[in-house]
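Scroll down for the structure; my scribbles are underneath it.
The values are calculated or read from the model by the stated rules, or taken from the named source; none is laboratory data. Keep in mind the model is a prediction, meaning the values are calculated, not measured. Because the Cβ atoms are built from the backbone with ideal geometry, glycine has one as well, and the counts that use them run over all protein chains shown. For accessibility, only protein heavy atoms count, side chains too; no ligands or nucleic acids. Shrake-Rupley method; radii C 1.70, N 1.55, O 1.52, S 1.80 Å.
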Amino acid sequence: MENTVKTILISQVPIPYKKTGSWTTMYGYYIGHFEHKIDYIVCNENHTANKSVQYQHLRGVSVLDKIQNKFIKGKRYNNYFEALDKIIEPNAKYIIQIVDNKGVVNPLHQFLSKKHNRSNFCIQYFYHGFILNFKNNEEAQFFKSIDELFLLTKQAQLELNKVYGETGLKIRYLHNGVNSEVFNTIAQSEKIELRQHNHINTDELVFLWCSQDRPKKGLDIALAAFEKVHTKNSKTKLLVVGVHKVIEQSGVEVIGKVPNKDLPKYYQMADIFLFTTLCEEGFGLVLAEALKCGCYCIASNFGGVPEVLNFGKYGVLINEPFKVGKWVIEMENAVSEFEAKGENPYLKDLPKNSYNLEDWCKQMNVFIDEASIKLS
């Protein structure tokens, strides 16, 4: 029996998305490689549209739109609602998914309540940060405007309950997923060959840092800590991926920005991954990617990160990550582990199916099916 409830994804960017992004990568895989349940995507026009889904493109924003957006509250999302009106049929039922675009939630709820039968819609909101923050006490209206809230970790759910109390919402969590076909461990012989091909000494212990060059990502912490470690252990190297700036420091090699498809080889060449975030990350997709590729992971004990490392079972968590000395201690411990055992001692405890993108896709279908049943 064909499902009469349709699912609409409202996206701020075209899907598939050419640039690197956690949720856009997952949705791109979901609609491109999986028996997905997305019927429509509302987004800006894209040139790599997937044939398994229908697109309703947003019209361009005019000068008048920009003026109205600035002075008339709620007008900035009119192009989204115009696109939705081209999809929505009378008395039909829809699941509407929104990812991180918090601003559209209340106007969307008002639009559906005023122009349609609001009970025919289930708004699923997916948040990829750690804790939702609001201005001007807008949280009550936000929680009333959505039907289901999805977070990345159980820790985020506990924190939300602590900050906001009872919301009346069905709140669940869905870990980010990693494509296990490309992010995986390789044999030592392959690792040596990969290093040789990329002009990295096979007898060096390789540290890897991979992120954007923003202060909250902690590159300066990583560099300062590595300098001390490298002084004592000359056969160490730090690969810096994701930034273009010149770093003149012994043992440091700047790789620059790397397309997502080329990232796996850097994790696979590395021994130790440094996740020096100085903010409360919702999850840390690069951390999961590093885990899947077999890296010994050292990470800040902030936000949803502890849960990704199973609270220390899959890697090392740093309390007080602003202190360089804390990183130095654990990085030197890692060097000693590799010198003594020649392998990552945490790898044996990581289940092979951890954070699989296929599982993310399957769970997404479950959540859509459950909402469909509720609406039917």
TODO: Find all pairs meeting these conditions: Cβ atoms under 8 angstrom apart; at least six residues apart or on different chains; first residue within segment 315-326 and among the basic types (Lys, Arg); second residue crowded, with 18+ Cβ neighbours inside 10 Å.
DONE: Lys326/Ile318
Task: All positions within segment 256-275 that are crowded, with 23+ Cβ neighbours inside 10 Å and of a type in the set (Gly, Ala, Ser) - done: Ala270
Open item on the list: Can you name every one of the strands (runs of 3 or more DSSP E) wholly within segment 109-222 that holds 1 or more residues which are among the polar types (S, T, N, Q) and on the phi < 0 side of the Ramachandran plot?
Closed with: 121-126
Open item on the list: Looking only at segment 10-48, count every residue that is closer than 18 Å to Ala371 by Cβ and without any contact (Cβ under 8 Å) to a residue 12 or more places away in the chain and tell me the total.
Closed with: 0
TODO: Among what's in segment 134-176 and is open to solvent by 70 Å² or more (accessible area, probe 1.4 Å) and aliphatic (A, V, I, L, M), pick the residue that is farthest from the chain's Cα centre (by Cα).
DONE: Val163
TODO: Consider Glu320 carefully, then state whether it is part of a loop (DSSP other than H, G, I, E, B) and either open to solvent by 20 Å² or more (accessible area, probe 1.4 Å) or at pLDDT 95 or above (or both).
DONE: yes
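Of a type in the set (Lys, Arg), open to solvent by 10 Å² or more (accessible area, probe 1.4 Å), free of Cβ contacts under 8 Å to residues at least 12 places away in the same chain and in a helix (DSSP H, G or I) - does that describe any residue in segment 367-374?
No, segment 367-374 has no match at all.
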Task: Residues located in segment 93-133, provided they are open to solvent by 30 Å² or more (accessible area, probe 1.4 Å), free of Cβ contacts under 8 Å to residues at least 24 places away in the same chain and in contact with a Phe, Trp or Tyr (Cβ under 9 Å, 6 or more places away or on another chain) - done: none
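When you check Lys245 against the structure, is it of a type in the set (Lys, Arg), surrounded by fewer than 23 Cβ atoms within 10 Å (Cβ to Cβ) and either assigned to a helix (DSSP H, G or I) or in contact with a helix residue (DSSP H, G or I) (Cβ under 7 Å, 6 or more places away or on another chain) (or both), yes or no?
Working: of a type in the set (Lys, Arg): yes; surrounded by fewer than 23 Cβ atoms within 10 Å (Cβ to Cβ): yes; either assigned to a helix (DSSP H, G or I) or in contact with a helix residue (DSSP H, G or I) (Cβ under 7 Å, 6 or more places away or on another chain) (or both): no.
So Lys245 does not fit the description; no.
Restricting to segment 166-189, give me the number of residues that are among the hydrophobic types (A, V, I, L, M, F, W, C) and in contact (Cβ under 8 Å) with a residue 60 or more places away in the chain.
Here is the first cut: in segment 166-189, the ones among the hydrophobic types (A, V, I, L, M, F, W, C) are 169, 171, 174, 178, 182-183, 186-187.
Checking which are in contact (Cβ under 8 Å) with a residue 60 or more places away in the chain leaves us with 174, 178, 182-183, 186.
The total comes to 5.
Can you work out which of the residues in segment 14-65 that are small (Gly, Ala, Ser) and part of a loop (DSSP other than H, G, I, E, B) is modelled with the lowest pLDDT?
Initially, segment 14-65 is screened for residues small (Gly, Ala, Ser), giving 21-22, 28, 32, 49, 52, 60, 62.
Checking which are part of a loop (DSSP other than H, G, I, E, B) leaves us with 21, 49, 52, 60, 62.
Values: Gly21: 69, Ala49: 77, Ser52: 91, Gly60: 63, Ser62: 47.
Among those that are small (Gly, Ala, Ser) and part of a loop (DSSP other than H, G, I, E, B), it is Ser62.
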Open item on the list: Can you say whether Lys216 is open to solvent by 50 Å² or more (accessible area, probe 1.4 Å) and either without any contact (Cβ under 8 Å) to a residue 12 or more places away in the chain or touching an Asp or Glu at 6+ places or on another chain (Cβ under 6 Å) (or both), as far as the supplied structure shows?
Closed with: no
TODO: Filter segment 334-356 for residues that are surrounded by 12 or more Cβ atoms within 10 Å (Cβ to Cβ), over 26 Å from the mean Cα position of the chain (by Cα) and not in a loop (DSSP other than H, G, I, E, B) and give the result.
DONE: Ala334, Val335, Glu337, Phe338
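Report the residue count in segment 290-317 for those that are in a helix (DSSP H, G or I) and of a type in the set (D, E, K, R). If you could, list the steps in order and put the result at the bottom.
Step one: filter segment 290-317 for residues in a helix (DSSP H, G or I), giving 290-292, 305-308, 310-312.
Keeping just the survivors that are of a type in the set (D, E, K, R) gives 292, 307.
Result for segment 290-317: 2.
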TODO: Could you grab me the full set of residues in segment 274-306 that are within 23 Å of Leu263 (Cα to Cα) and among the acidic types (Asp, Glu)?
DONE: Glu281, Glu289
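Would you pick out the residues in segment 287-302 that are in contact with a Cys (Cβ under 7 Å, 6 or more places away or on another chain) and surrounded by fewer than 24 Cβ atoms within 10 Å (Cβ to Cβ)? If you could, list the steps in order and put the result at the bottom.
Here is the first cut: in segment 287-302, the ones in contact with a Cys (Cβ under 7 Å, 6 or more places away or on another chain) are 287, 290-291, 302.
Of everything in segment 287-302, just one residue is in contact with a Cys (Cβ under 7 Å, 6 or more places away or on another chain) and surrounded by fewer than 24 Cβ atoms within 10 Å (Cβ to Cβ), namely Phe302.
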